[in-house]
1. How many residues are of a type in the set (D, E, K, R) and buried (at least 17 other Cβ atoms within 10 Å of the Cβ) if we restrict to region 263-293?
2. Just one of the numbered conditions (1) crowded, with 23+ Cβ neighbours inside 10 Å; (2) over 21 Å from Arg120 (Cα atoms); (3) among the hydroxyl-bearing types (Ser, Thr, Tyr) is not true of Thr222; which one?
3. Got at least one residue in region 196-206 being among the β-branched types (Val, Ile, Thr), buried (at least 16 other Cβ atoms within 10 Å of the Cβ) and farther than 25 Å from Asn284 by Cβ?
4. Which ones in region 120-157 are within 27 Å of Trp182 (Cα to Cα) and aliphatic (A, V, I, L, M)?
5. Which number in (1) among the small types (Gly, Ala, Ser); (2) surrounded by fewer than 16 Cβ atoms within 10 Å (Cβ to Cβ); (3) touching a residue at least 12 places away in the same chain (Cβ under 8 Å) marks the one condition that Ser117 misses?
6. Within region 141-157, count every residue that is in contact with a Ser or Thr (Cβ under 9 Å, 6 or more places away or on another chain) and either within 12 Å of Leu202 (Cβ to Cβ) or without any contact (Cβ under 8 Å) to a residue 40 or more places away in the chain (or both).
7. Could you tell me how many of the residues in region 86-114 are more than 22 Å from His205 (Cα to Cα) and crowded, with 16+ Cβ neighbours inside 10 Å?
8. If you check every pair at least six apart or on different chains, which have Cβ atoms under 8 Å apart with a residue in region 217-246 that is touching a residue at least 24 places away in the same chain (Cβ under 8 Å) and among the aromatic types (Phe, Trp, Tyr) first and a residue that is buried (at least 18 other Cβ atoms within 10 Å of the Cβ) and assigned to a loop (DSSP other than H, G, I, E, B) second?
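The values are calculated or read from the model by the stated rules, or taken from the named source; none is laboratory data. These numbers were taken from a predicted model, which means no experiment stands behind them. Glycine also receives a Cβ, built like all others from the backbone with ideal geometry; neighbour counts cover every protein chain displayed.
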Amino acid sequence: MRLRILNAEPKDYSRQAFEILSTVGKIKETSLTQESIIDELEDIDALIVRLGVHVTKKVLDSAPRLKYVISATTGTDHIDVQECEARSIRVICLKNEQEFLRTIPSTSEHTWGLLLSLLRKTPFAFDSVRKGEWSRQEFRGNNLLGKTVGILGLGRIGQHVARYALAFGCKVIAYDPSPLSWVEGVKRKSSVEKLLSSSEILLIHIPFDDNTKQYLNQEKLTLLPHGAVVINTSRSGVWDEVAVLDMLQSGRLGAVATDVLSGEQDGISLVNHPMIVYAKSAKNLLITPHIGGATLESMHMTEEFIAEKFVKVLEGDLRS
């Protein structure tokens, strides 16, 4: 029996991944919202999502036949994994696929793009030019050469950005309690406290889980040197967002760039989010809408990998 597969976020979805999945099922591609997906799941065996649709208990309640949730993402905080496990629904994702993920550069490239944009005030300078201004003195930035860059989490993304930092002539330090490998030229710090106290620039690359929730709390953040720059392309849950904003407003932090915000997965407008409200008039906060992994090349690579992984999982399930 061929599976009935629903791709709820098909825009620019890899055609090669589509062909791989077509070998095991009939695929329906329909762009759905959090509300409209409820009416589309009654006869679906496998559901494909990215980050726009969240697989909640309510969604699962409307999917009596569902056996697989497929998401070409490393994080699964958009999926109620516990509820899936309770219903014997397999979640197929990129978690722990380290060998493959080392070939994906998009988030580490975006991290570096955010850092360069923030230090050189590029977005704000461009906004000024679009208004017809030419205020060269107003947008003097900072060099990277010689700066001490601290990397929290030296996994596959942390290692990528470490090599970029070394190429820019930075002094690179890192903390990771259980690294799988290390990068030559990066000085290892024995504790997060020692990392933070020495980091002029902090790059956050730790996963979000129960152990890292609010990991960078106010107490830890105050260990950073006065005027430090912080970049978060991980998840909003790993830091105390309120403390970050307070420290930006007071000048304790020099600048922040983030690709993630609290509430981004709740399906509600973020127009009144305190970080966004502050960013409307500030020139030391840069926010992007969780696009770290969103390059066409990387998305297609991950979609094709996940499609192949799903077929292998399905073959194993059929044999058992």
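1. 1
2. (1)
3. no
4. Result: Leu144, Leu145, Val149, Ile151, Leu152, Leu154, Ile157.
5. Every condition holds for Ser117 apart from (2).
6. 7
7. Within region 86-114, residues that are more than 22 Å from His205 (Cα to Cα) and crowded, with 16+ Cβ neighbours inside 10 Å number 4.
8. Close Cβ pairs satisfying both conditions: Trp239/Tyr215.
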